[in-house]
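The values are calculated or read from the model by the stated rules, or taken from the named source; none is laboratory data. It should be emphasised that the depicted structure is a prediction, and the values quoted were computed from it without experimental measurement. FYI the Cβ positions are ideal-geometry reconstructions off the backbone, even for glycines, and counts take in every protein chain you see. What goes into the accessible areas is simple: the full protein's heavy atoms, side chains included, and nothing from ligands, DNA or RNA. Shrake-Rupley method; radii C 1.70, N 1.55, O 1.52, S 1.80 Å.
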Amino acid sequence: RQGIGEPSVYHAVVVIFLEFFAWGLLTTPMLTVLHQTFPQHTFLMNGLIHGVKGLLSFLSAPLIGALSDVWGRKSFLLLTVFFTCAPIPLMKISPWWYFAVISMSGVFAVTFSVIFAYVADITQEHERSTAYGLVSATFAASLVTSPAIGAYLSQAYGDTLVVVLASGVALLDIGFILLAVPESLPEEMRPVSWGAPISWEQADPFASLRKVGQDSTVLLICITVFLSYLPEAGQYSSFFLYLRQVIGFSSETVAAFIGVVGILSILAQTVVLGILMRSIGNKNTILLGLGFQILQLAWYGFGSQPWMMWAAGAVAAMSSITFPAISAMVSRNADPDQQGVVQGMITGIRGLCNGLGPALYGFVFYLFHVELNEMAEVETLGKASKANMANPTDESSIIPGPPFLFGACSVLLSLLVALFIPEHNLALRSGSHKKHSNGAQTHTHSPQAGGSDGKEPLLEDSSV
């Protein structure tokens with residue numbers, strides 16, 4: 001077996017940490033380059049760039065998930081990390097090419113899908129929610145220190161050093177996958193050769209969405225994911241820019257904010273998530289996380305003072321438990337050789353949100369005339385608490401962050417949908433996705449035949 005030791009959650013944790021640590025270093029330089037490249041309608045262009053990237057991720061996630069079920073996880077970890085980090089050196093070489101390649105890199109920007117499938121291969125059902133929480137907490141941990149380090153190095157030595165360091169970390173991640181990460185998918189679960197056919201149904205992202213509608217429980221879960229992650233994706237793409245421009249945070253304060261919220265998110269996704277899953281159950285943990293997200297977004301929307309952003313950030317850390325809990329609910333009952341398809345479906349919906357969310361936020365900022373002034377002016381606002389807008393409207397004094405209120409309404413709908421998710425045990429049915437086994441192997445856990453109409457529900461009450 002290639003790699004160091006047996007496959008473990010810690011291999012997945014290191015891969016995620018290094019990838020997002022590299023991007024975290026670029027937080028401050030990216031805001032500067034974004035404004036210099038698109039001085040007009042910066043929020044709108046930021047939303048469009050992230051929107052294209054997210055839509056491409058949505059289109060590619062099912063295919064990559066299905067291929068990793070056949071060919072193994074390691075090669076696709078290498079592929080996704082390499083192309084996700086490919087734009088980093090271009091930030092200093094050519095900003096236009098940098099943003100263009102970021103948009104196109106969305107085709108392979110589905111590392112989480114492969115990582116979650118990797119973790120599912122090597123964990124038992126009762127361990128999976130904790131393992132997913134650890135992976136998500138590692139994502140938060142990678143953003144605790146890297147923006148602060150990047151901001152300090154950028155101020156002291158310039159953006160070029162930060163880009164070089166981020167490129168080095170990305171190369172380290174690629175080297176770690178090549179040399180240290182063992183394959184997690186057992187040999188008996190893979191075809192004998194790489195010639196296994198992959199059907200168009202498995203590669204078609206809309207086929208997953210059509211399959212979602214065949215079972216009411218899956219439909220409820222996926223609607224919950226869509227409505228809750230749509231505002232989160234939009235928020236993540238523009239929030240640091242919003243803090244600097246509208247609230248008046250300095251680059252150092254933004255880095256400190258990311259660090260504090262990251263530390264709290266780590267605690268929430270490790271300690272708190274495990275306690276909640278054991279004490280109140282999977283569904284109630286999801287509902288609680290959605291409740292915290294509504295409060296957080298409403299606070300961001302109405303907040304105009306820096307202390308309000310800090311308080312809402314603490315609430316945002318608690319809302320980070322939602323997605324690990326949802327992933328555990330879906331994956332816990334999936335067939336072992338179908339984890340890539342399952343996580344690909346959920347990641348595909350998140351990818352759709354990654355496309356629509358930033359575009360929606362950018363468009364709403366544009367409608368409310370929230371635009372960037374010169375970045376140099378923002379740096380002088382250390383003591384300022386008044387919103388700094390290019391064309392302030394009357395509404396801006398009441399609602400400084402209109403997109404966040406749109407997001408709060410979306411998550412409220414998500415909470416109402418999640419209330420109807422059944423609490424009984426579920427078993428994933430995935431017979432239609434087993435077409436790639438091509439007779440080279442036999443799985444003893446193959447589901448029974450579906451109903452007379454030939455359509456099998458994805459989720460079924462296992463108590464029946």
ask   = Want the number for Tyr152 to Glu6: 0.36 nm per residue separation, take away the alpha-carbon distance, what's left?
value = 48.7 nm
message = Among 93-103, 11-21, how do they line up by average Cβ neighbours within 10 Å per residue, starting with the highest?
response = 11-21, 93-103
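Skip the ligands, DNA and RNA, and give the accessible area per residue of the stretch 6-112 with a 1.4 Å probe, whole Å².
Working: 3700 Å² over 107 residues.
About 35 Å² of surface per residue is accessible.
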ask   = So how long is each side of the stretch 87-196 along the principal axes, counting just the alpha-carbon atoms, biggest first, in Å?
value = 52, 35, 25
note = Expressed in square angstrom to the nearest 10, the accessible area of Val417 with a 1.4 Å probe stands at 30
ask   = Heavy-atom accessible area of Met329 with all protein chains present, probe 1.4 Å, nearest 10 Å²?
value = 20
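Between Tyr366 and Lys283, what length comes free when the chain is fully extended (0.36 nm per residue of separation minus the Cα-Cα distance, one decimal in nm)? Present the calculation step by step, with values, prior to reporting the outcome.
Details: separation 83, 0.36 × 83 = 29.88 nm, distance 3.69 nm.
In short, 26.2 nm is gained.
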ask   = Extent of the stretch 1-185 along each principal axis, from alpha carbon coordinates, in Å, largest to smallest?
value = 50, 35, 27
